[in-house]
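**Student:** Below are the structure tokens for one structure; questions will follow.
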Amino acid sequence: MKRIFTLILALRCMLPFIGMAAYSETADVPFTAKEFTAEEATTLWNNIKLTPLSISKEDLDSPIVDFDISPSGNILLVLKNNQLVLLNAEGTVQKAYSFSSYGSVYAGFSKDNIQLFLVRSNALVEFTTEGTLVRILEPDSGDSETAQYIRQLEKTSPIEFEGKEYRLKRSAGFFDIVSSSYSQLIVCSDTGAQTVLYDAGSSHTAVMIPICLLIVLVFVIAGIKVARQFKNFKKENNTNKTTAPADNR
């Protein structure tokens, strides 16, 4: 009996270390995660289908959902049509990739490597700007510091870099109320001058117009139905009052 009790106590003491073996501090990554096996990583990497694109900035017209700046000053844009675009400080396209994903994605830099977080798969895919896979990690979703790191990958707020402020901007006017993405990336100098590094304005507006029209149509149809129901209700009330028996008191 004493041996069984000792064994149970030893197992209880080992449980925290078992968890640490599954999720542990990974080199160069400030959060707890475990690395995908070689087979799992190969399968997921093939499913992502990261494909180089030979395009210029003039060929790009998709809204921005996320961006980041590397320590060397490169700018990463995550576009709504599942494209990753690497710009230099002047806004010239250095690299561009398409990828496949069926859910939300965030992206950012780990030094000069790109990290793409696939929300649906809970997978952090790290690769070089040349498109070479480095590793795939599974972050510990139950760890608060890890969750905060993942949230920071979604950068839609301004970023200060070498005395300049980079920020995303919506430029579709009224149609921005139904948009979760941004049409422009602008950089502001310390003198207040603004330069547009990326602009998907016309394309963004063209996408938003049918969405807004659809929303308006839904409200109009709903309003008509409510008005008809109210009219029918009022008509039934008047009919009931007319046909109600007289009080013979």
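The values are calculated or read from the model by the stated rules, or taken from the named source; none is laboratory data. On a predicted model such as this, the values are computed, not experimentally measured, just so you know. Every residue, glycine as well, gets a Cβ built from its backbone with ideal geometry; the counts of neighbours run over all protein chains shown.
**Student:** Any idea which residue in the stretch 124-144 is farthest from D66 (Cα to Cα), counting only those that are small (G, A, S) and at pLDDT below 95?
**Tutor:** Restricting to residues being small (G, A, S) and at pLDDT below 95, the top hit is G142.
**Student:** With the condition kept exactly as written, say whether any residue in the stretch 177-196 is in a loop (DSSP other than H, G, I, E, B), at pLDDT 70 or above and among the acidic types (D, E).
**Tutor:** yes
**Student:** A further question on this structure: Please verify whether the stretch 155-174 includes one or more residues that are surrounded by 18 or more Cβ atoms within 10 Å (Cβ to Cβ), over 20 Å from F31 (Cβ atoms), among the hydrophobic types (A, V, I, L, M, F, W, C) and at pLDDT below 95.
**Tutor:** Yes, there is a match, as at least one residue in the stretch 155-174 is surrounded by 18 or more Cβ atoms within 10 Å (Cβ to Cβ), over 20 Å from F31 (Cβ atoms), among the hydrophobic types (A, V, I, L, M, F, W, C) and at pLDDT below 95.
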